[in-house]
Amino acid sequence: MSNINKNEEISSLYDYYKELLTEKQKEYFELYYFEDLTFQEIGEQLGISKNAVFDSINKTINNLKDFENKLHIKEKNDFIKQQIDNFKESKINIEVLIRNIEEEI
């Protein structure tokens, strides 16, 4: 998986699970991923070492992955979206759509 795809995946997980993170984790993550600041810049801005920023962001990423591995919310949502797209494109009928979604949830 390319770095761009990894970043998109991590950002997507963040959208689903950010409310499970601490305020500091959210702040560091958003500065790094959404404001495109470096570890050094974040550290200088917040008065902490770049290693502390690096460690926090890595812990946050691992937490996001753990949340998804345990809860599967993104995976289920992606599946349901795909089933709805299949229905819209007339690849499946409404009964199949409902059955597939019921089986997934």
- Item | First in segment 27-43 and assigned to a helix (DSSP H, G or I), second anywhere and modelled with pLDDT under 95, Cβ under 9 Å, 6 or more apart | TYR33/ASN7
- Message: Condition first: surrounded by 11 or more Cβ atoms within 10 Å (Cβ to Cβ) and at positive phi. Now tell me which residues in segment 47-105 satisfy that.
- Response: HIS72
- Has segment 8-19 got at least one residue that is part of a helix (DSSP H, G or I), loosely packed, with under 13 Cβ neighbours inside 10 Å and among the hydrophobic types (A, V, I, L, M, F, W, C)? no
- Query: Exactly one of (1) in contact with an Asp or Glu (Cβ under 7 Å, 6 or more places away or on another chain); (2) assigned by TED's automatic domain parsing to the domain that holds ASN3 is unmet by ILE42. Its number?
  - Reply: (1)
- Query: Given the conditions (1) charged (D, E, K, R); (2) part of a helix (DSSP H, G or I); (3) farther than 18 Å from ASN7 by Cβ, and given that LYS91 satisfies all but one, which numbered condition is not satisfied?
  - Reply: (2)
- Message: Pull out all pairs, ordered by first then second residue, where Cβ-Cβ is under 8 Å, the residues are six or more apart or on different chains, the first lies in segment 85-101 and is more than 20 Å from GLU75 (Cα to Cα), and the second is hydrophobic (A, V, I, L, M, F, W, C) and assigned to a helix (DSSP H, G or I).
- Response: ASN93/PHE87; ILE94/PHE87
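The values are calculated or read from the model by the stated rules, or taken from the named source; none is laboratory data. Only a predicted model underlies this, so the values are computations on that prediction, with no experimental measurement involved. Cβ atoms come from the backbone with ideal geometry, glycine included; neighbour counts cover every protein chain shown.
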